[in-house]
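Taking it in order: structure first as structure tokens, then the write-up.
The values are calculated or read from the model by the stated rules, or taken from the named source; none is laboratory data. Since we're looking at a predicted model, the values are computed, not measured. Every residue, glycine among them, receives a Cβ derived from its backbone with ideal geometry; neighbour counts consider all protein chains shown. Each accessible area value is taken on the protein alone, full model and side chains, heavy atoms only, with ligands, DNA and RNA left out. Shrake-Rupley method; radii C 1.70, N 1.55, O 1.52, S 1.80 Å.
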Amino acid sequence: MSSDPIGLPIEGFKAAFPFHLAVDRGLRVVQMGEALGRTCGEIGLGDELGAHFTLRRPDIAFEFEAMRGNVRFLFILESRARRMTLRGQMVYVEEKDALLFLCSPWVTTAEELRELGLGLNDFALHDPVGDLLMVIQSQNAALADSRKMSAKLTSQRAALRESEQRLQAVLDHSPAVIYIKDSESRYVLINKRYEQLFNVRRDAVAGKTDYDLFPQDVAFRFRTNDAKVLRGGAPMEVEEVAPQADGVHTFLSVKFPLLDVAGQAYAVCGISTDITARKRAEEALVSAKETAESANRAKSQFLANMSHELRTPLNAIIGFSQLLEENTFGPLNPRQTKYVHNILYSGRHLLQLINDILDLSKVESGRMELEAAPFNVTTALRNLQAIVSTLAKNKNIAVTLNVDAALPLISADERKFKQIMYNLLSNAIKFTPDGGAVTAAAAIVMEERDGAPRQVLEVCVSDTGIGILPADQKRIFQEFEQVDSSYARKQEGAGLGLALVRKFVELHGGRVWVESEGVEGKGSIFKFTIPLQAPENTDDSKMRRKKRETPLVLIADDDPSLVVAAADLLGKAGFEVLQSYAGRQCVELARQHEPDLVVLDLDMPDLPGQEIIEKLRSNPRTRKTPILIFTGTDPKESEKRLLRRYVQGILAKPGLNELVPEVRRIMEAAK
Ligand code: ADP
């Protein structure tokens with residue numbers, strides 16, 4: 001049976017639908033039922049439907065296509081000419097390309113019926129054919145809808161499958177281990193990397209928990225982290241370990257909750273990256289660092305021990321050759337004098353080298369301390385000018401000082417300041433050919449450090465020497481770095497001086513650099529700064545006044561065998577010992593090393609004992625150093641009284657067995 005009403009073999013169609021109405025594509029009336037024609041005499045065939053009716057329902061445009069597209073709805077047309085609405089079903093008649101409106105007037109009272117001049121025959125309200133048509137129409141519409149829906153569903157399902165495949169492909173090609181577990185910690189999804197790494201198949205894992213796959217403790221840790229994510233509803237990053245065939249691997253896991261529309265976490269997703277290689281490299285690095293540090297400590301310890309071992313005999317070599325050079329024990333012939341001079345020179349050079357190496361290793365290991373105290377820079381520079389002037393005179397070089405008159409006292413380590421200056425000035429003289437000039441200048445200037453201005457003492461040492469090419473200007477501040485020029489090669493040196501200068505300047509929180517064009521004759525300018533205000537981040541321990549771990553005793557006696565014996569005794573008792581064989585040497589060593597006690601023989605060949613004591617007491621560095629007189633000639637009681645005003649103890653020779661207790665007593669009393 002066709003669903004097209006026009007094609008239906010229905011007898012008396014017009015009688016069955018006395019109110020029907022048909023319009024063509026132009027909405028012109030092409031046919032109407034007998035009752036409609038009678039009731040609405042104003043409507044003629046060919047009239048536009050819109051001229052006689054308005055469309056009350058459905059709420060669509062009053063156009064052919066719009067009406068054709070909505071035939072499944074109930075249509076209500078309202079007459080423009082009278083109080084009448086037509087209610088019914090719109091049907092599209094395909095072969096006529098027309099719309100057929102099967103309807104009845106909507107009347108609710110007999111009054112209205114009368115008004116419209118209608119009888120009961122004019123209605124097809126319960127017409128079984130009309131009902132059938134309605135059923136067929138709605139069935140058709142429902143069928144079309146369901147067909148559309150199922151097509152949509154199929155295409156949605158395909159799209160879903162495609163997107164799932166895409167997602168799985170992405171997951172499977174990821175080098176990370178990816179998994180999803182539901183709120184009961186059961187696996188929902190794993191990727192290929194997971195399968196490979198833990199040697200499982202995804203269909204075998206689905207529905208299982210970590211307790212089915214891993215040792216208890218490992219599963220417990222996984223579960224704890226998952227639970228945290230589910231409870232907290234927020235992502236977390238955590239390091240996790242899991243056993244593998246080749247040992248335990250470390251993973252960096254990013255875990256995050258999957259939320260439903262209500263924002264509730266229903267599963268946890270994890271992305272874990274194997275960071276075992278990085279972890280092992282880090283551990284290797286830490287252990288390499290520890291090994292390097294311990295090697296460095298061993299090196300520093302070795303250097304400290306060696307320097308001590310080397311310095312003791314070297315001091316003896318220097319001390320004895322000094323005595324010989326000064327003809328203390330009788331005149332030497334010219335050749336002997338020359339050789340002794342050579343021994344002394346080489347000895348001092350070696351001692352300097354050892355001291356430099358020791359100083360460097362101390363700075364490197366952080367054991368170098370600054371003895372900061374206010375001092376007069378101008379005076380210090382004048383002293384240095386005097387010291388280097390002998391070197392300069394030999395080469396006919398003028399050393400000039402150019403110091404700001406109003407220089408304030410500077411709080412810094414004076415000894416290190418002098419060492420810095422000595423190294424720079426002696427280099428300037430060394431690398432300046434005969435007849436040149438060297439100038440030292442100092443002034444207070446402002447410099448910028450880390451974006452903030454600060455006041456610094458700036459010291460410049462300039463020369464008219466061979467200069468340093470820009471390419472070499474950085475490296476010469478490294479240990480054992482020297483410029484390989486023909487002039488420089490002829491000069492002595494180990495390449496440690498500037499390295500020490502840099503370390504000492506930096507310990508003070510300052511900086512050092514050189515300016516030079518590298519042109520012979522134009523020379524170089526070495527500059528360094530020392531901040532007036534100690535930097536806040538300077539390690540406190542470096543700035544405090546130095547405290548020796550083992551007390552240092554200086555023995556001065558012209559009898560070498562006694563010095564050696566006393567040094568041995570004191571060394572065994574835990575003291576560090578400096579040896580001296582002459583009065584001036586004793587004064588100089590005491591000034592340099594500031595011993596904790598001086599054991600002094602009053603009968604020295606070069607200086608009377610009284611004078612040695614005076615010199616020690618007049619120097620600020622040794623003014624308070626305790627002195628123990630160790631004398632062979634028993635002084636008179638009156639002399640002893642006088643002596644006691646300046647010294648802390650008097651011991652008669654040989655009395656070596658009393659030496660250590662007496663030294664201890666004096667040191668204890670001096671604390
Ligand atoms: P040393 O002088 O013992 O070789 P330094 O560390 O003091 O070691 O100096 C390193 C190198 O820097 C020197 O060997 C020299 O080549 C260069 N240098 C230092 N001072 C000057 C200077 N005033 N003029 C030219 N070159 C210099």
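For the peptides 515-525, 592-602, what is the packing order when you average, over each peptide's residues, the other Cβ atoms within 10 Å and list the highest mean first?
592-602, 515-525
Over the chain, with the other protein chains present, what is the accessible area per residue in square angstrom, probe 1.4 angstrom? Walk me through the numbers on the way to the answer.
Values: 37050 Å² over 671 residues.
Roughly 55 Å² per residue, with all protein chains present.
Among DSSP beta bridges lying fully in the chain, give the percent that are antiparallel, nearest 5.
Within the chain, antiparallel bridges account for around 80 percent of the total.
So what are the ³J(HN,Hα) numbers for region 327-335, from phi and the Karplus equation (6.51, -1.76, 1.60; θ = phi - 60°), rounded to whole Hz, Gly and Pro as x?
6, 4, 10, x, x, 9, 7, x, 5
Just to be sure I understand the model, the point goes 7 Å from the Cα along the line to the Cβ. What's the resulting VAL445 to LYS228 distance in nm?
Between VAL445 and LYS228, the label points sit 5.6 nm apart.
Ignoring ligands, DNA and RNA, what percent of the 1.4 Å accessible area of the chain is carbon and sulfur?
Working: 19830 of 37050 Å².
Carbon and sulfur atoms account for 54 percent of the accessible area of the chain.
Hey, can you grab everything whose amide H is under 5 Å from the amide H of ILE275? Only 5+ residues off in sequence or another chain; H modelled, so Pro and N-termini drop out.
Close amide H contacts, sequence-distant or interchain: THR250, PHE251, LEU252.
Let me have the 222 nm mean residue ellipticity of the chain computed from DSSP H runs of 4+ only, each contributing -39500 (n - 2.57), with the sum over all residues rounded to the nearest 500.
About -14000 deg cm²/dmol.
Sort 505-511, 312-318, 289-295 by packing, meaning the average of other beta carbons within 10 Å per residue, with the highest value first. Let's see the in-between values first.
Working: 505-511: 20.3, 312-318: 16.7, 289-295: 10.1.
Descending mean neighbour count gives 505-511, 312-318, 289-295.
What shape does region 321-441 have by the C-alpha gyration tensor, where a ≥ b ≥ c are the square roots of the eigenvalues, rounded means a/c under 1.5, and otherwise prolate means a/b greater than b/c and oblate the rest?
oblate
If we sort 386-392, 165-171 on the protection proxy, mean other Cβ atoms within 10 Å, highest first, what's the order?
The packing order, highest mean first, is 386-392, 165-171.
Of all chymotrypsin sites (Phe, Trp or Tyr not before Pro) in region 443-519, which ones are in loop regions per DSSP and have a Cβ with at most 15 other Cβ atoms within 10 Å? Mind dumping the intermediate values first?
Working: sites: PHE477, PHE480, TYR487, PHE504, TRP513; in loops: PHE480.
Counting only loop positions with at most 15 other Cβ atoms within 10 Å, the chymotrypsin sites (Phe, Trp or Tyr not before Pro) in region 443-519 are PHE480.
Between ASP246 and ARG644, 0.36 nm times their residue separation minus their Cα-Cα distance comes to what?
135.3 nm
Sort the chain into rounded, prolate or oblate with this rule: let a ≥ b ≥ c be the square roots of the eigenvalues of the Cα gyration tensor; rounded if a/c is under 1.5, and if a/c is not under 1.5, prolate when a/b is larger than b/c, oblate otherwise.
Prolate, since a/c reaches 1.5 and a/b exceeds b/c.
Could you tell me whether region 607-671 comes out rounded, prolate or oblate from its Cα gyration tensor? Rule is a ≥ b ≥ c as square roots of the eigenvalues, rounded for a/c under 1.5, then prolate if a/b exceeds b/c, otherwise oblate.
oblate
If you take every residue apart from ARG623 with its C-beta less than 13 Å away from the C-beta of ARG623, what net charge results, scoring Lys and Arg +1 and Asp and Glu -1?
+3
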